[in-house]
Amino acid sequence: MKILCPTDFSSRSHVAAQVAFALAQQTTGSLEMLHVVTSRPSDLVLSDDASLIEDQLRSNAQTRLAAECRALSSGRTQVTSWLAEGDVESSIQSRAWSIGADLIVMGSHSQPALARFILGSVAERTVRLADRPILIVPPGTEPRAREPGDSESLNVVVALDGRAASRGALEFARSLRRHVRCDVTFLRLYWPIEEYARLGLTGVRDPSQVDPEVVADLTRSLALEVGALPGVGTISIAVEPTWVDPASAILEYARARHCDFVVMGAESRHGLARIAHVPVASRVAHQAVGVPVIFVPPLPTAHDAAATPTIATVLAPTDLSTAGNRAVAFAYALLAPHGGVVELCHVREHSLPSPADVYDRAEGKLGDSDRASLISQLRVLVPADAERLGITTHVTVIDGGKAAEAILQAADRLSVDSIVLGSRGHGGAYRPPFGSVSKEVVHRAHRPVLVVPRPREAS
């Protein structure tokens, strides 16, 4: 791994250099120390001795850079230096691009959070402008000396939030594991009430406790997002509820586990947007005392026209009308060539208390015999050759809520690849007067939806 470490020769920069060197050692990479001589002060412009003073500043800086490199140099790890002039942030970006740095390592200062927020800092401005990962080493960090071939793994927490901005953090974790042994924990925080609503969870729940259904859903989604990682070391997934600022929760989790680094996506809000809604990444940078954080910029958007998506799970909701039942057959047809899973379901519409996740639904609740009857009607719709085709069927009755909302929640809860449903049936789930359920599902779904119309002769 090729690492660039800017320094202003302060104590915080010295600690950052030690962290950078240790990482370069362990990844059998190289380190370049960079110092930027800023533009000529205005009071020197008219001075006869301006050139002499500038030459002396450059000479002193070069001497200090060389001394810092000598103090770090050890064995097989190459440490070089570079002296630049001009704007600090621009010089850092330019040099990183010139040498193809994989990572920039910088120390952060200990100004009060308000001063940092209003005035910014070199580290924060560099994070916002950077086109590559930046490791910020905050006050309180104690470098851990390691040698090449050290059997002890790096302990890394990668904070993911399901958004595109965090994909860069995942890819950096992949890259890091190619260079060094890493124990990686992928952390996903969730707001309980938000997840209850998204998944359509009802009944009495304690938001202060870990919810098994929410954790199962988010763990499954996170496992699919992470996929297979290269390299050596453990991989684990942690899904945790939070009621506090996400930045504080991420850092508290990392400190409790004595992690070497936190890795997260860098957000790039500018101007008034930063004042109205300070990004989580910025709050982490301000609060990360003693915990080094690697901020990774968003990955460039790539559209691979040659890639063929796979449909392995299909949600097939039906109101048990003729049109609804007819659509079920098309769900199986989608999976017939390669097999998969059909989530066959029926929504029994009726109102739920608000919020639905707080109160138990005793009044109007579906009885056991009625539920068994609905399940039997659903099972009749499973094609006789489904098992031979490698298609597994899961049957579910959703008791309560509006049909479209319940279908969308089930699609999220079950992490299906597609939804197949009928249009303009006569049952409760497909009433047409002011826009059907199918139209609402198509409008709001975040996955492909196949709408099966009624046969023309049946209109």
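The values are calculated or read from the model by the stated rules, or taken from the named source; none is laboratory data. What you are looking at is a predicted structure, and each value in this text was computed from that prediction instead of being measured. Quick reminder, even Gly has a Cβ in these numbers, built from the backbone with ideal geometry, and neighbours come from all protein chains shown.
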* Is there a residue in the range 233-240 that is at pLDDT 90 or above and over 18 Å from the mean Cα position of the chain (by Cα)? -> yes
* If you scan the range 85-101, which residues turn out to be at pLDDT 90 or above and aliphatic (A, V, I, L, M)? -> ILE92, ALA96, ILE99, ALA101
* To do: Kindly list, by first and then second residue, each pair from a residue in the range 34-57 that is in the same structural domain as VAL105 (by TED's automatic domain parsing) and modelled with pLDDT under 65 to a residue that is in a loop (DSSP other than H, G, I, E, B) and among the charged types (D, E, K, R), limited to pairs with Cβ atoms under 6 Å and residues at least 6 apart or on different chains.
  => none
* To do: Name every residue in the range 204-223 that is farther than 12 Å from GLU240 by Cα and either at pLDDT 85 or above or surrounded by 13 or more Cβ atoms within 10 Å (Cβ to Cβ) (or both), in order of residue number.
  => ARG205, GLU213, ASP217, ARG220, SER221, LEU222, ALA223
* Any idea which residue in the range 164-192 is farthest from PRO298 (Cα to Cα), counting only those that are surrounded by fewer than 15 Cβ atoms within 10 Å (Cβ to Cβ) and touching a residue at least 60 places away in the same chain (Cβ under 8 Å)? -> GLU171
* Structure fact -> Note on the range 241-275: residues at pLDDT below 90 and either in a strand (DSSP E or B) or acidic (Asp, Glu) (or both) are ASP245, GLY265, GLU267
